[in-house]
Amino acid sequence: MKELLNAITREHLIFVFALAFIIIFKQPLSELIRRTTRIGKDGLTAGSTPEAQREKSDPEAVQQLLDVIGNSIVISDIEGRLKNGLTEKNFSIDGDAVKVLIRHLAGTQLLLSFEQIHNLIFGSQLFLLKKLNEVAGQGRPLAFINDHIDQVKEMFPTVLGDWSYDQYLEFLYDRLLIVRHGDQIHITNMGVEYLTWVARNGQSENRTL
């Protein structure tokens, strides 16, 4: 080993390092030479790489990532609010990566909202939502809603006996599950998607009250 080390001269080392440099940096050097536009006393001047200015992405892969969350009117509404918030703060919303991240954030926010709703909703309110969903687009008259609330109050007089109609419906309004048009109460897109989430995920409907 000692004899081998003694045989290695400075020229040998320079040759080995030069060879390794060429092998490792062959592609970058070729690209640099191709893009060189001027050689002066200050060094090389190279044009920008077109590929570096263009986002590379697989459209099919992007769509697969978007499909993981899916799309709906509610998801689109949340995406719109997120994009508006970013735009107002001068953040760029261009590019596939941002598109995917916004869709996933919208899906996460929606899922969290469903979880919160399901932890707080009364069983009778869930039942009312299902009744409204049976006539989605048509709605049910206030008389039907008030009759339902009266029955619930009779079943739970100790807890809900003093509640007004508005108090009972307040949670459903606040969580955007129902909306009133004139004398009709309608389930919203949010309400429909919540019920779909409950059924699809086998969430228990045996709620209190």
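In terms of the Cα gyration tensor, with a ≥ b ≥ c the square roots of its eigenvalues, is the range 74-173 rounded because a/c is under 1.5, prolate because a/b exceeds b/c, or oblate? It is prolate, given that a/c is not under 1.5 and a/b is the larger ratio.
For the peptides 86-98, 126-138, the ranking by mean Cβ contacts within 10 Å, running from highest to lowest, is 126-138, 86-98. In plain terms, the chain from residue 92 to residue 179 could stretch by 27.9 nm, reckoned as 0.36 nm per residue minus the Cα-Cα distance. Taking label points 7 Å from Cα along the Cα-to-Cβ direction, residue 171 and residue 206 give a separation of 1.8 nm. Extending 7 Å from the Cα toward the beta-carbon at both residue 101 and residue 133 defines two label points whose distance is 3.4 nm.
Of all accessible surface on the range 64-209 at a 1.4 Å probe, what whole percent is carbon and sulfur?
On the way: 4550 of 8700 Å².
Of all accessible area on the range 64-209, carbon and sulfur atoms account for 52 percent.
So the label point goes 7 Å from the Cα of residue 83 along Cα→C-beta, right? Which residues of the range 99-116 then have their backbone N under 19 Å from it? Residues 99-110 qualify, since their backbone N sits under 19 Å from the label point. Label positions at residue 62 and residue 158, each projected 7 Å from the Cα along the C-beta direction, are separated by 6.0 nm. The Cα center of the range 166-209 and the Cα center of the range 70-141 differ in position by 13 Å.
The values are calculated or read from the model by the stated rules, or taken from the named source; none is laboratory data. All values derive from a computational prediction rather than experimental measurement. Note: ideal-geometry Cβ built from the backbone for every residue, glycine included; neighbour counts use all protein chains shown. Note: accessible area is taken over every heavy atom of the protein model, side chains too, but ligands, DNA and RNA are not part of it. Shrake-Rupley method; radii C 1.70, N 1.55, O 1.52, S 1.80 Å.
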